[in-house]
Amino acid sequence: MCGIVGYTGRQQAAPILLKGLAKLEYRGYDSAGVAVFDGSEIEVVKAKGRLDALRDLTNDGKNLTGVQGIGHTRWATHGEPSVSNAHPQYNHDKSIAVVHNGIIENYQQLKDKLAGKGYQFTSQTDTEVVAHLLDYYNTGNPLETIAKVMHRVKGSYALGIMFQSKPGVLYAVRKDSPLIVGVSETGNYIASDVPAILEYTRDVYYIENQELVELTEQGVRFFNEDLEEISKERKTVEWDVEAAEKGGYEHFMLKEIYEQPKAVLDTISPRIKDDKIVIEELNMTPEDIQAISRIYIIGCGSAYHVGMVGKYVLEQVTRIPVEVDLASEFRYRNPILEEGSMVIVISQSGETADTLAALRQAQQIGSKVLAVVNVVGSSIAREADNVMYTWAGPEISVATTKAYSTQLSALYLLAMLFGRERGILPEDEYRVMLEELKTIPEKIQTILGDKERLQWFASKYANARDVFFIGRGLDYASSLEGSLKLKEISYIHSEAYAAGELKHGPISLIENDILVVAVATQPELYEKTVSNIVEVKARGAFVFAVTNEGNYAMEDTASFTVYIPKTHPSFAPSLSVIPLQLFGYYVSVAKGLDVDKPRNLAKSVTVE
């Protein structure tokens with residue numbers, strides 16, 4: 001969750017650290033800090049709140065002198081947001097400084113042991129325990145010291161470490177939390193994520209679990225946990241630098257909403273060749289596809305909602321039974337994966353802790369795992385048996401939009417390919433769906449052109465206390481995502497219900513002027529959803545409906561209606577989600593909130 005940046009080289013470190021942290025603030029923003037080594041001592045500066053407070057304290061880094069340093073932006077786990085709990089943490093005399101992403105599960109046991117040895121603690125963090133452990137086990141050889149600590153801590157961690165006794169040298173190690181190393185002619189870097197260092201280099205190494213790194217101005221060395229030096233392959237980041245900038249938009253979220261037509265096109269186009277779907281990265285023969293007996297789709301948050309859509313579409317066109325699991329539930333329910341099962345894990349970042357754990361569990365049981373991820377070289381991408389990348393580019397806003405849309409597109413492609421190979425999806429229907437899928441980017445663009453009406457409507461509901469979303473079938477899945485978008489960036493309580501379940505309890509919550517968002521795009525379920533709209537209107541609800549062009553009778557039932565272009569019913573979620581994203585965005589803007597950095601949330605959830 002937290003953001004880590006480190007640098008050693010020929011340039012002043014503090015400005016580089018602050019710029020890098022600005023690119024990682026979506027990973028945590030309740031406090032921030034830097035430690036810079038000036039050649040004689042390590043100076044630590046920390047501030048509660050957003051990164052601007054740290055910039056002000058350091059005069060944009062100009063007040064700190066030194067060509068070596070580590071920085072951190074925090075998402076609180078152990079201890080409230082405060083200066084004392086901010087990172088870097090350090091030992092008693094600041095001769096060792098540490099930044100940390102992850103959770104040390106046995107920190108209390110270790111803390112009690114260290115307290116018994118006379119160590120005093122000034123924070124509530126598990127990270128301070130690591131700093132004192134490094135002091136306690138210090139042999140004078142940093143690599144040996146770090147290895148000793150690695151063998152004593154349990155949990156997840158990515159650590160950036162400086163020793164006062166080793167001028168010009170940075171150390172890093174990881175277990176289950178992301179960490180990359182960047183190299184350039186003017187110095188070398190560590191970071192939690194690519195955007196932090198993209199301004200300085202595109203040449204990176206992806207650090208694997210329990211690998212250690214030693215960085216100097218001259219180069220980097222890699223070691224396994226037995227301190228044997230190892231070689232690693234250097235990768236080149238293909239992202240466009242401008243893709244990680246706002247580009248004139250007020251917020252990253254709005255920019256990313258508008259990038260969806262291109263992102264969807266970039267995801268589907270390379271996989272359509274000669275009017276056939278070709279997904280080479282699957283590494284599956286027609287016989288392999290025929291042999292699939294069951295599919296499990298696993299994800300968290302929006303990725304789980306993608307899985308809900310995938311279930312409906314896959315079962316419809318392949319007749320393969322599909323189960324959808326929250327990763328945090330799958331990993332603890334002792335799942336039964338029968339022979340012939342296929343597991344699909346979905347994650348934007350490729351670092352989602354629960355999803356990564358579910359992937360490993362599925363592999364231990366004996367299933368092959370396909371990952372649908374956006375970040376090349378991420379942990380899930382590296383550990384899955386096969387990877388289907390969504391080419392959304394960097395997504396900075398905490399609330400996902402374009403990654404969600406590209407994940408939907410990936411599952412559409414899978415469903416159509418599997419349906420055709422299994423002989424369930426007739427050739428004429430396959431071709432109709434394929435041609436329609438190609439039009440989705442253009443139709444998303446059409447919806448985006450009608451944003452003014454949504455902006456006006458959203459401003460009227462900025463003070464709402466409760467909002468309910470309803471839908472049936474695929475529209476229920478879209479309602480789940482619309483509700484999540486609204487609650488996570490506007491802090492308005494919202495819930496999504498399968499419309500057919502209203503009479504089984506939720507309708508008791510409907511009262512005068514409460515807003516109900518109804519999604520009605522599925523022709524076979526349209527009339528039933530209209531009946532549910534009538535039910536809530538009869539109890540005083542104001543209904544915002546999202547439906548297909550041509551369903552103009554909705555004007556007689558709903559209070560406010562947004563129309564989406566007609567499409568194949570299976571692809572309607574890609575269109576109906578757009579007005580729901582815009583609605584959530586404009587409500588948040590009307591409330592004056594920080595859309596890109598909603599409270600208590602972080603972009604990449606790398607802890608349980």
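Structural remarks
- Among strands (runs of 3 or more DSSP E) entirely within the range 202-302, having at least 1 residues that are within 30 Å of Pro167 (Cβ to Cβ) and either among the β-branched types (Val, Ile, Thr) or out of contact with any Gly (no Cβ under 9 Å at 6 or more places or on another chain) (or both) singles out 203-206, 211-215, 220-223.
- Scanning the range 223-255 for residues that are modelled with pLDDT under 80 and basic (Lys, Arg) yields one hit, Lys246.
- Selection count where residues are open to solvent by 20 Å² or more (accessible area, probe 1.4 Å), assigned to a strand (DSSP E or B) and either under 9 Å from Ala14 (Cα atoms) or in contact (Cβ under 8 Å) with a residue 24 or more places away in the chain (or both), scope the range 44-67: 3
- Of all residues in the range 18-34, exactly one satisfies the criterion of being out of contact with any helix residue (DSSP H, G or I) (no Cβ under 9 Å at 6 or more places or on another chain) and not in a loop (DSSP other than H, G, I, E, B), namely Arg27.
- Residues that are of a type in the set (S, T, N, Q), open to solvent by less than 20 Å² (accessible area, probe 1.4 Å) and either touching a residue at least 60 places away in the same chain (Cβ under 8 Å) or on the phi > 0 side of the Ramachandran plot (or both) within the range 95-128 comprise just one, Asn101.
- Residue check for Val376: touching a residue at least 12 places away in the same chain (Cβ under 8 Å), within 15 Å of the chain's Cα centre (by Cα) and surrounded by fewer than 24 Cβ atoms within 10 Å (Cβ to Cβ): yes
- Within the range 382-392, being open to solvent by less than 10 Å² (accessible area, probe 1.4 Å) and closer than 20 Å to Gln363 by Cα holds for one residue alone: Met388.
Quick grid of which residues meet (1) in a loop (DSSP other than H, G, I, E, B); (2) at pLDDT 95 or above:
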position: Ser82; (1), (2): yes, no
position: Ala97; (1), (2): no, yes
position: Leu110; (1), (2): no, yes
position: Gln120; (1), (2): yes, yes
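- Cβ-Cβ under 7 Å pairs, at least 6 apart or on other chains, the range 474-487 side in contact (Cβ under 8 Å) with a residue 12 or more places away in the chain and farther than 10 Å from Ala520 by Cα, far side outside any helix (DSSP H, G or I) and among the acidic types (Asp, Glu): Ser483/Glu495
- The range 68-80, subset crowded, with 16+ Cβ neighbours inside 10 Å and part of a loop (DSSP other than H, G, I, E, B), residue farthest from the chain's Cα centre (by Cα): Gly79
- Of everything listed in (1) of a type in the set (D, E, K, R); (2) at pLDDT below 95; (3) in contact with a helix residue (DSSP H, G or I) (Cβ under 8 Å, 6 or more places away or on another chain), the single unmet condition for Lys166 is (2).
- Comparison of Leu143, Leu212 shows that the only residue that is surrounded by fewer than 22 Cβ atoms within 10 Å (Cβ to Cβ) and more than 21 Å from Ala86 (Cα to Cα) is Leu143.
- Put simply, of Ile197, Ile161, Ile207 the only residue that is among the aliphatic types (A, V, I, L, M), within 20 Å of the chain's Cα centre (by Cα) and closer than 21 Å to Gly33 by Cβ is Ile197.
- Of the residues making up the range 171-196, those that are among the aliphatic types (A, V, I, L, M), surrounded by 24 or more Cβ atoms within 10 Å (Cβ to Cβ) and in contact with a Ser or Thr (Cβ under 8 Å, 6 or more places away or on another chain) are Leu179, Ile180.
- Filter pass, Thr557 being modelled with pLDDT under 95, more than 29 Å from the chain's Cα centre (by Cα) and among the β-branched types (Val, Ile, Thr): yes
- Among the residues of the range 309-340, the ones that are part of a helix (DSSP H, G or I) and touching a residue at least 12 places away in the same chain (Cβ under 8 Å) come to 12 in all.
- Any hit, the range 354-364, residues being farther than 22 Å from Glu287 by Cβ, part of a helix (DSSP H, G or I), among the charged types (D, E, K, R) and open to solvent by less than 20 Å² (accessible area, probe 1.4 Å): no
- Any hit, the range 526-538, residues being closer than 22 Å to Lys311 by Cα, in a strand (DSSP E or B) and out of contact with any Pro (no Cβ under 7 Å at 6 or more places or on another chain): no
- Check on Glu199, surrounded by fewer than 23 Cβ atoms within 10 Å (Cβ to Cβ) and within 16 Å of Glu233 (Cβ to Cβ): no
- Subset of the range 311-337 (residues that are open to solvent by 70 Å² or more (accessible area, probe 1.4 Å), of a type in the set (S, T, N, Q) and under 26 Å from Arg420 (Cα atoms)): Gln316
- When the test is whether a residue is at pLDDT 95 or above, of a type in the set (Val, Ile, Thr) and open to solvent by 10 Å² or more (accessible area, probe 1.4 Å), Val36 does not pass it.
A quick yes/no check of all residues on (1) within 30 Å of Gly155 (Cβ to Cβ); (2) part of a helix (DSSP H, G or I); (3) open to solvent by less than 40 Å² (accessible area, probe 1.4 Å); (4) among the acidic types (Asp, Glu):
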| site | (1), (2), (3), (4) |
| --- | --- |
| Ala518 | no, no, yes, no |
| Gly540 | no, no, yes, no |
| Met554 | no, yes, yes, no |
| Gly592 | no, no, no, no |
| Lys597 | yes, no, no, no |
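- Sole exception among (1) closer than 23 Å to Ser397 by Cα; (2) assigned to a helix (DSSP H, G or I) for Ala14, by number: (1)
- Residue in the range 577-590 that is open to solvent by 10 Å² or more (accessible area, probe 1.4 Å), more than 15 Å from Ile257 (Cα to Cα), out of contact with any Cys (no Cβ under 9 Å at 6 or more places or on another chain) and assigned to a loop (DSSP other than H, G, I, E, B) present: no
- Hits in the range 84-95 (condition: in a loop (DSSP other than H, G, I, E, B), of a type outside the set (Lys, Arg) and either within 25 Å of the chain's Cα centre (by Cα) or under 19 Å from Tyr136 (Cβ atoms) (or both)): Asn85, Ala86, His87, Pro88, Asn91, His92, Asp93, Ser95
- Number of the exception - Ser349 against (1) assigned to a loop (DSSP other than H, G, I, E, B); (2) in contact (Cβ under 8 Å) with a residue 12 or more places away in the chain; (3) farther than 29 Å from Phe469 by Cα; (4) of a type outside the set (Phe, Trp, Tyr): (3)
The values are calculated or read from the model by the stated rules, or taken from the named source; none is laboratory data. All values reported here derive from a predicted model rather than from experimental measurement. In this analysis, Cβ positions are derived from the backbone assuming ideal geometry, glycine residues included, and neighbour counts consider all displayed protein chains. The area values use the complete protein model at the heavy-atom level, side chains included, leaving out ligands, DNA and RNA. Shrake-Rupley method; radii C 1.70, N 1.55, O 1.52, S 1.80 Å.
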